[in-house]
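Reviewing the structure listed below.
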Amino acid sequence: MPSYKSAFGSFLKQEDLQGKAVKATIADVVTDDVKDNDSGKTEKKLVMHFVGKDKALILNRTNCEALEAICGTDDYGAWPGHAVVLYTDPTVKFGGKMVGGLRIRAVTAAPPPPPPPMREPGDDDDDNWG
């Protein structure tokens, strides 16, 4: 069920993912002036935009370190084009309180299909060896 909280703002929040892990492709990463809701001050932050998505993600150090590991470089100019998975981590702390937050992980390949069952000797009735 969608939350009204996901309708406001231009940056991703936990409510936007609705408890799901979401695959997205990085469109660009830029520095942007982001206003702090509590103090009203603006601060330069790294902001990541996604292909085909309206909302962007304000990056913190933890998510930047994850992106460095995924993309193989700390050069955020090289991150666009990489696919990532966004998910909610309920264990994120802020100001000593457990508040949850958004995290990034690599897209994992689907597991390979299981091998065909082993054939017993004498089960080669359908083979034409010639």
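The values are calculated or read from the model by the stated rules, or taken from the named source; none is laboratory data. Quick caveat, the model's predicted, so the values are computed rather than measured. Virtual Cβ from ideal backbone geometry, glycine too; neighbours counted across all protein chains shown. Side chains included, ligands, DNA and RNA excluded: accessible areas come from the protein's heavy atoms. Shrake-Rupley method; radii C 1.70, N 1.55, O 1.52, S 1.80 Å.
Residues in the stretch 71-92 that are over 22 Å from G9 (Cα atoms) and either at pLDDT below 95 or open to solvent by 70 Å² or more (accessible area, probe 1.4 Å) (or both): D74, D75, Y76, T91. Scan the stretch 59-70 for residues that are of a type outside the set (S, T, Y) and open to solvent by 60 Å² or more (accessible area, probe 1.4 Å) and the total you get is 5.
The numbered conditions (1) open to solvent by 70 Å² or more (accessible area, probe 1.4 Å); (2) out of contact with any Ser or Thr (no Cβ under 9 Å at 6 or more places or on another chain); (3) more than 14 Å from I104 (Cβ to Cβ); (4) without any contact (Cβ under 8 Å) to a residue 12 or more places away in the chain are all true for K35 except (2). Restricting V29, V47 to residues that are out of contact with any Ser or Thr (no Cβ under 9 Å at 6 or more places or on another chain), under 16 Å from L102 (Cβ atoms), open to solvent by less than 50 Å² (accessible area, probe 1.4 Å) and part of a strand (DSSP E or B) narrows the list to V29.
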